[in-house]
Amino acid sequence: MNNAFSANQHIAACFKLKRKEFQLEVSFTAPGKGVTALFGPSGSGKTTLLRCIAGLEKPDYAHFTINGQCWHDEKKNLHVHRRPIAYVFQEPSLFPHLNVRENMLYGWRRTPRQRRKLHLDDVSAWLGLEALLKRRTDELSGGQRQRVAIARALLTSPELLLMDEPLASLDTKGKAEILPYLESLCHQLNLPVLFVSHSPEEVQQLADHLILLEQGHVIGAGKLNNLLTDPQLPIAHFENAAAVLEARVVSHDKTFHLTTLAFDGAQVSVSYNGLPLGHEARLRIYARDVSLALVQPRQISISNSFNVQVLSMDPDRDPSQLLVRCEVGGQHLLSRITRRSAHLLKINVGDKLYAQVKSVALMK
């Protein structure tokens, strides 16, 4: 298995499992810390793969190592209770007779003292639960309940956190409530997280690494933005296709209430956010919000414009449109334009153009 990660700081997995109407055959490597998203349509094998990793399924063939430890191979198969994992499901399943604090401490108390790495105060702060510790669980919103479930899982001090579509049961308001906490939490944790989702927005906001599944097979694996902007993969052709770029805060303009971020020689402005200078952040730019120009745009309301080079031009799902992959520094960006525009501007691979970005979302 080709491995681009540190010898002792990565996940290596290979599973084969055959059922009557489904076959899972996957092989991948992923970083030994940070968030790796398992993304794909319903029925692609995401949950089955997670259950194999947890030891809840009995695959026909298995090889799984994490940060130098083998959990499953031809000679070894750790039982579920011996795998240092925490599993967060779609439904929080809290204990109704225990309050929030007691729910959170349930697993902590059953974790050997020498293995306790995370503590109630820290996890409560990360997930914004300090004011809820004495509440009954039936007094909580859906988003609050899921935060408690995540906290309970973390307080077992796992070496791997498995999250199976933890936002799927929440409405739009509940997702908006919990996503900032999850985003902050993922920055705090020093352990690998495998995050199952079929929501591009969740993946764009939370993931560092991406594994794309389709019909039980891996069709792509790698750094988040490399896959999001690869026109050979289905995710780049979604209506809400986007690039996620790494940037840093370089200045604030309080007169116009703007913050400027720089990446690879380019700069963009977003609404003022008060983040410290030098803070590293991620920017989400939708393909539909990027237009291309032959010359530097002037006297227009779009203020974010920078140089790019065209890497590829591919047919989009709509036959009237093209998906143009561009490079800015060492990062990639997508632009969705009409075929007519590309023809009139005579755009070709290798051309150096100006990207005009109508909207940029800052993800801290």
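The values are calculated or read from the model by the stated rules, or taken from the named source; none is laboratory data. On a predicted model such as this, the values are computed, not experimentally measured, just so you know. All Cβ positions, glycine included, derive from the backbone under ideal geometry; neighbour counts span all protein chains shown. Accessible surface is based on the protein model in full, side chains and every heavy atom, while ligands, DNA and RNA are left aside. Shrake-Rupley method; radii C 1.70, N 1.55, O 1.52, S 1.80 Å.
Computed values, structure above
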| item | result |
| --- | --- |
| Rg to Rh, two decimals, where the stretch 146-205 supplies the alpha carbon set and Rh follows Kirkwood | 0.93 |
| GLU57, GLU130, reordered so the largest accessible area comes first (probe 1.4 Å) | GLU130, GLU57 |
| Hull shadow area, averaged, the stretch 100-235 [alpha-carbon convex hull, nm²] | 9.2 |
| Efficiency of FRET from Cβ geometry, GLN188 and ILE300, R₀ 35 Å, rounded to 0.05 | 0.30 |
| Among ALA236, ALA37, ALA281, residue whose mean-square fluctuation peaks in a GNM of the chain (springs only between Cα atoms under 10 Å) | ALA281 |
| Whole-Å distance, taken between Cα centres, linking the stretch 330-364 and the stretch 149-197 | 34 |
| Per-pair calculated FRET efficiency, R0 = 35 Å: ALA262 and LEU344 via Cβ, rounded to 0.05 | 0.65 |
| Interchain or long-range residues, amide H under 5 Å from GLU214's placed H | ILE219 |
| Projected label distance in nm at ASP138 and PHE238, using a 7 Å step from Cα toward the beta-carbon | 3.7 |
| Built amide H within the under 5 Å cut-off of ASN304, gap 5+ | VAL357 |
| Hz values of 3J(HN,Hα) by residue in the stretch 28-41 - Karplus curve (6.51, -1.76, 1.60), Gly and Pro given as x | 7, 10, 8, x, x, 8, x, 9, 10, 8, 9, 10, x, x |
| Rounded to the nearest 20 debye, dipole of the stretch 295-346 from Cβ charges on Lys, Arg, Asp, Glu | 180 |
| Residues whose placed amide H lies under 5 Å from that of ALA281, excluding near-sequence neighbours | ALA247, ARG248, VAL249 |
| Top of LYS346, LYS18, LYS134 by mean-square fluctuation, Gaussian network on the chain, Cα under 10 Å | LYS346 |
| Accessible area (Å², per residue) of the stretch 285-364, counting only protein heavy atoms and a probe of 1.4 Å | 55 |
| Charge dipole magnitude, Cβ of K and R +1, D and E -1 - the chain, Cα centre, debye nearest 20 | 680 |
| Calculated [θ] (222 nm, deg cm²/dmol) that DSSP helices of n ≥ 4 give over the chain, each run adding -39,500 (n - 2.57) | -6000 deg cm²/dmol |
| Sites ALA125 and LYS173, calculated FRET efficiency, Cβ-Cβ separation with R0 22 Å, nearest 0.05 | 0.45 |
| Cβ-based net charge around LYS33, under 11 Å, with every Lys or Arg adding one and every Asp or Glu removing one | -2 |
| HN-Hα J in Hz across the stretch 8-18 - Karplus 6.51, -1.76, 1.60, θ = phi - 60°, x for Gly and Pro | 10, 10, 7, 9, 10, 9, 8, 9, 10, 8, 10 |
| Choice from HIS332, HIS119, HIS257 showing the highest fluctuation, given a GNM over the chain with Cα pairs closer than 10 Å | HIS257 |
| Charge dipole magnitude, Cβ of K and R +1, D and E -1 - the stretch 151-292, Cα centre, debye nearest 20 | 320 |
| Phi to ³J(HN,Hα) by Karplus 6.51 cos²θ - 1.76 cosθ + 1.60 over the stretch 328-341, Hz, x for Gly, Pro | 10, x, x, 10, 10, 9, 10, 10, 9, 10, 7, 4, 4, 4 |
| Spin-label model distance (nm) - ARG109 vs HIS198, 7 Å beyond Cα toward Cβ | 3.9 |
| Gyration tensor verdict on the stretch 223-364 (Cα atoms; rounded if a/c is under 1.5, prolate if a/b is larger than b/c, oblate otherwise) | prolate |
| Descending semi-axes in Å of the chain, equivalent ellipsoid built from Cα gyration tensor | 38, 26, 18 |
| Part-to-part distance (alpha-carbon centres) for the stretch 66-85 and the stretch 227-259, which is given in Å | 38 |
